Each structure stands twice: as C-alpha cells, then as structure tokens.
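The block underneath contains the structure these notes are about, expressed in structure tokens.
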Amino acid sequence: MDRSRLEAYLATRLGEPVRVATVAQAFPGLSRETWLVTLSRGTRSAASDWRVVIRVDAPGGPFVPVPLFYEWQVYERVARTDVPVPKPLWFDPAPDVSDGRPLFVRELVEGSTLLPGLHDQTPEAATRRQRVAFEHAEKLALVHRVDWRRFGFEEFMEAPGSLEDAPRHELTRWWRIWDEVKTNSFPVVTEALHWFEENLPKSAPRVCLCKGQNGIGEEIWRDDRIVALCDWELAHLGDPCHDLALSQGMLKLHNRGEVIAHYEQAAGFELPAKNVAFFLVWNAFKSLLTLNNGLRSFLDGQNTRLPRATLGFGKVKVYEHLLGAILDMDLEEAADFILSGQPNPYHTRQVAGG
C-alpha cells in the first residue's frame, strides 16, 4: 500500500493532517490483506499517535466466499457487546487507495497472535497450555451467550428456524455455496456431502452467534489472555459446537474432555458429543471449499500469487483424500481420524499481529 496515497486517504477520512510513520502488511495475508499502520494525526504542535489495522480484499477476492462488508457488520455489532473486539472505525466499499477494492479500518490492539514457548516440554508449559485452552473456551462461551437478536445479527445473517433445523441449515447453506464456487465436479466431495447428511445431528444445544475460524493465530493475546477476538468472516448463527471444532487445534492443546467441560461450565449448557464430532469432520469440507474458491481468481488471472495455486490445487487434494477416507467410517471414527491429523495450534514463526 503506497504511503503517500494512504496519508491522503486517511487525512480526508479523518478531516485533519495525517503523517504515516510505518505501514506493514501482516504475513501471510492470502485471503485478505491486513495492513498495520502507525500514524500521527493533527497539527505537529498537537499531534497524537495512533495505530490502526486496515483490512482489504485481495485482488480477485478472498478465499472465503464472504463479502468484506459482511465481516464489517459483524465487527460493528460485536463491538456493542461485552465480547472483546478491536474497535471498528469505518468501511469503504471502493476507495482509490486500494484500487477500488473494499476495505475497513479498525483500531489496533496491542498483543500477539502467537504464544512463544507454549509447547516447551516442561511442567510449567503444560500448566500454561491448560490455562490458555481454558481462556479460549471461556471467550467462546462469552460469544455464545451474546443476545444476537438484541444486537441485530439476524438483519444480515441467516438464522435457523429452530434447534432441530440448525445442523441442516449449516449443511444446506454451505452445500449451496459449494455448488456456486467449486472449480470442478469433485465426485468424492459429493459423496462426502451425502455422508454428512446421513450423519447430521438431530438438534443443536443452542442457536448462538458463532465466531467461525478461531483460536491461536486468530486472536490477540496478552499475558496468556485474549484481549481481542479477530477474524469474523465466518461468523454465523448456529450450533456452538461448530466453534469448538473449528478452533485451530485448540482441542489438542489440553485434554479434550476437560476443555469441553470447562466450556460447558462457562456457557451454562452441555455440548452433545455427536455434534462436536460432526463439526470436527465438517471442518475438512469447509476448508476444502474455501481453498478451492481461492483458486478461481488464480485461474482467471486476477490473482497470480503462487500460494493461490498450491493451496487451491495441492491442499484441496489433501482434503479430498481425507473426505474420501471417512466415507466408510462412522461419525466417531471419522472425528478421531480428522482430529489426529490436525497440527498443534502453535508454530515458531513470528507474525506481525494486532
């Protein structure tokens, strides 16, 4: 992002002089670009420092087939609740500074997306892993207790008609999206979708605001506490078991049963084991869908970054094999199979966070 263009854009939006000190893109930014900006605003004699995050659609659109405005609306409403989230500032549908690609701006929260030393082989690190897993479970419970009707989430989110409808609502919604975005026929995936239909939970324990992608790498941590929940593009109304399953391997960070029990105590209701198992497997399908959708912009020449191809072809093939393998398994076997292949929710590479 060009610094001089960015200064002019921010000065116009803020209605005062702006000087950009630093602008850096967070790594890897494959789905959407995330820019970390340090700036001074106001006249030099009374200037104040400020740090913001600018979220921009990548050329050709994101991996996840969800408009950026959708994520903005989630941020804007979550910010009215008790859930810790970076303060959203504004959305811009087609600014010149991003060559017409939509963006939104939010305040930067100090902290890190990663927790160095989390997997050290020491008793202290083991205690810390439990503390971090429980902290994450508590924050998910806080999200799930939000009164989504009061804060207007159903104004732009599809809500299941009942507890009994919630699992099928998730299945049919993303099956429809798959039919719209897939780059090939994928007969194995079609078989897998029928497997999901046959193993569909009969009901959800609650219909909640669900965050979607969550866990280490997605949130801002400080002193082993989550100070801000970020990355809301997959947020939806549905079964809270979905969030426990789609949590970047957090159920492997500490004893799975203890983490779920701690969540249940914080949330005030129990999670059916079948529902958790279902969504652990469902995650493989949604990951395949997302990565294959990102391939479309590579194939039509809008985004020629090589990771679009390697993820859209190679990683998708891995998920396709996983889905093919579960077709002869029952639900619990399939969940254990998928969970066994998930990495630990930590890596040593430092990522610019905030």
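Could you please give the count of residues in segment 184-228 that are polar (S, T, N, Q) and within 23 Å of MET157 (Cα to Cα)? Even if it seems obvious, please write down each step before you answer.
Initially, segment 184-228 is screened for residues polar (S, T, N, Q), giving 184-185, 190, 199, 203, 213-214.
Retained after the next criterion (residues that are within 23 Å of MET157 (Cα to Cα)): 203, 213-214.
Qualifying residue count, segment 184-228: 3.
Checking the condition in contact with a Lys or Arg (Cβ under 7 Å, 6 or more places away or on another chain), acidic (Asp, Glu) and open to solvent by 10 Å² or more (accessible area, probe 1.4 Å), which residue from GLU158, GLU135 passes?
GLU158
If you take the residues in segment 1-41 that are among the hydroxyl-bearing types (Ser, Thr, Tyr) and touching a strand residue (DSSP E or B) at 6+ places or on another chain (Cβ under 7 Å), which one is surrounded by the fewest Cβ atoms within 10 Å (Cβ to Cβ)?
At the first step, the residues of segment 1-41 found to be among the hydroxyl-bearing types (Ser, Thr, Tyr) are 4, 9, 12, 22, 31, 34, 38, 40.
When the remaining residues are screened for being touching a strand residue (DSSP E or B) at 6+ places or on another chain (Cβ under 7 Å), the result is 22, 34, 38, 40.
Numbers: THR22: 10, THR34: 20, THR38: 15, SER40: 15.
Per the criteria, the residue is THR22.
Hey, can you tell me all the residues within segment 275-298 that are of a type in the set (Gly, Ala, Ser) and within 23 Å of ASN199 (Cβ to Cβ)? Don't jump to the end; show me each part of the working.
Within segment 275-298, the subset of a type in the set (Gly, Ala, Ser) is 277, 284, 287, 294, 297.
Across segment 275-298, the qualifying residues are ALA277, ALA284, SER287.
What are the pairs, 6+ residues apart or on separate chains, where a residue within segment 206-230 that is farther than 15 Å from PRO86 by Cα and part of a loop (DSSP other than H, G, I, E, B) has its Cβ under 8 Å from a residue that is among the aromatic types (Phe, Trp, Tyr) and open to solvent by less than 10 Å² (accessible area, probe 1.4 Å)?
From segment 206-230, the pairs are GLY212/TRP232.
Consider ALA235 carefully, then state whether it is open to solvent by 10 Å² or more (accessible area, probe 1.4 Å) and either among the small types (Gly, Ala, Ser) or at positive phi (or both). Even if it seems obvious, please write down each step before you answer.
Working: open to solvent by 10 Å² or more (accessible area, probe 1.4 Å): no; either among the small types (Gly, Ala, Ser) or at positive phi (or both): yes.
So ALA235 fails the test.
Can you confirm whether ALA266 is touching a residue at least 40 places away in the same chain (Cβ under 8 Å) and open to solvent by 30 Å² or more (accessible area, probe 1.4 Å)?
Details: touching a residue at least 40 places away in the same chain (Cβ under 8 Å): yes; open to solvent by 30 Å² or more (accessible area, probe 1.4 Å): yes.
Yes, satisfied.
Within segment 293-313, identify whether any single residue is in contact with a strand residue (DSSP E or B) (Cβ under 7 Å, 6 or more places away or on another chain), in contact (Cβ under 8 Å) with a residue 60 or more places away in the chain, closer than 28 Å to GLU333 by Cβ and not β-branched (Val, Ile, Thr), and answer yes or no. Full working, then the answer.
Step one: of segment 293-313, the residues in contact with a strand residue (DSSP E or B) (Cβ under 7 Å, 6 or more places away or on another chain) are none.
Within segment 293-313, not a single residue is in contact with a strand residue (DSSP E or B) (Cβ under 7 Å, 6 or more places away or on another chain), in contact (Cβ under 8 Å) with a residue 60 or more places away in the chain, closer than 28 Å to GLU333 by Cβ and not β-branched (Val, Ile, Thr).
If you take the residues of segment 181-205 that are open to solvent by less than 20 Å² (accessible area, probe 1.4 Å) and touching a Gly at 6+ places or on another chain (Cβ under 8 Å), which of them is nearest to ALA166 (Cα to Cα)?
Only one residue fits best here, namely ALA204.
Report yes if VAL74 is over 13 Å from the mean Cα position of the chain (by Cα) and at pLDDT 95 or above, otherwise no.
On the way: over 13 Å from the mean Cα position of the chain (by Cα): no; at pLDDT 95 or above: yes.
Spelling it out, it is not the case that VAL74 is over 13 Å from the mean Cα position of the chain (by Cα) and at pLDDT 95 or above.
Out of TRP174, TRP148, report the one residue that is in contact (Cβ under 8 Å) with a residue 24 or more places away in the chain, surrounded by 17 or more Cβ atoms within 10 Å (Cβ to Cβ) and within 30 Å of GLY314 (Cβ to Cβ).
TRP174
Taking the residues in segment 211-229 that are touching a helix residue (DSSP H, G or I) at 6+ places or on another chain (Cβ under 9 Å) and among the hydrophobic types (A, V, I, L, M, F, W, C) as candidates, determine which candidate is modelled with the lowest pLDDT.
Ranking the qualifying residues of segment 211-229, first place goes to ILE216.
Keeping to segment 206-222, report how many residues are of a type in the set (Gly, Ala, Ser) and either open to solvent by less than 30 Å² (accessible area, probe 1.4 Å) or closer than 14 Å to HIS144 by Cα (or both). Don't jump to the end; show me each part of the working.
In the first step, residues of segment 206-222 are kept if they are of a type in the set (Gly, Ala, Ser); the result is 212, 215, 217.
Now narrow it down to the ones that are either open to solvent by less than 30 Å² (accessible area, probe 1.4 Å) or closer than 14 Å to HIS144 by Cα (or both): 212, 215.
Residues in segment 206-222 being of a type in the set (Gly, Ala, Ser) and either open to solvent by less than 30 Å² (accessible area, probe 1.4 Å) or closer than 14 Å to HIS144 by Cα (or both): 2 in total.
Could you list, in sequence order, all residues of segment 86-101 that are on the phi < 0 side of the Ramachandran plot and open to solvent by 30 Å² or more (accessible area, probe 1.4 Å)? Walk me through how you get there before you give the answer.
To start, the set of residues in segment 86-101 that are on the phi < 0 side of the Ramachandran plot comprises 86-98, 101.
Within segment 86-101, LYS87, LEU89, PHE91, PRO93, ALA94, ASP96, ARG101 meet the criteria.
Can you pull out the helices (runs of 4 or more DSSP H) entirely within segment 82-199 that have at least 1 residues that are of a type outside the set (A, V, I, L, M, F, W, C) and more than 23 Å from the chain's Cα centre (by Cα)?
In segment 82-199, 123-144, 187-198 are the helices (runs of 4 or more DSSP H) which contain 1 or more residues that are of a type outside the set (A, V, I, L, M, F, W, C) and more than 23 Å from the chain's Cα centre (by Cα).
Tell me which residues, restricted to segment 288-306, are in a helix (DSSP H, G or I) and either exposed (fewer than 15 other Cβ atoms within 10 Å of the Cβ) or among the aliphatic types (A, V, I, L, M) (or both). Don't jump to the end; show me each part of the working.
Residues of segment 288-306 in a helix (DSSP H, G or I): 288-299, 306.
Hits for segment 288-306 are LEU288, LEU289, LEU291, LEU295, LEU299, LEU306.
Quick one: is GLY354 at pLDDT below 90 and either of a type in the set (Gly, Ala, Ser) or over 18 Å from PRO65 (Cα atoms) (or both)?
yes
Looking only at segment 63-78, decide whether some residue is in contact with a helix residue (DSSP H, G or I) (Cβ under 7 Å, 6 or more places away or on another chain) and over 30 Å from ALA137 (Cβ atoms). Full working, then the answer.
Step one: of segment 63-78, the residues in contact with a helix residue (DSSP H, G or I) (Cβ under 7 Å, 6 or more places away or on another chain) are 63-65, 77.
The next check asks that each one be over 30 Å from ALA137 (Cβ atoms); those that pass are none.
Checked against the condition, which is being in contact with a helix residue (DSSP H, G or I) (Cβ under 7 Å, 6 or more places away or on another chain) and over 30 Å from ALA137 (Cβ atoms), segment 63-78 yields no hits at all.
The values are calculated or read from the model by the stated rules, or taken from the named source; none is laboratory data. Not measured: the values here are computed from a predicted model. So basically every Cβ, Gly included, is an ideal-geometry build from the backbone, and we count neighbours across all protein chains shown. These area figures cover heavy atoms from the full protein model, side chains too; ligands, DNA and RNA do not enter into them. Shrake-Rupley method; radii C 1.70, N 1.55, O 1.52, S 1.80 Å.
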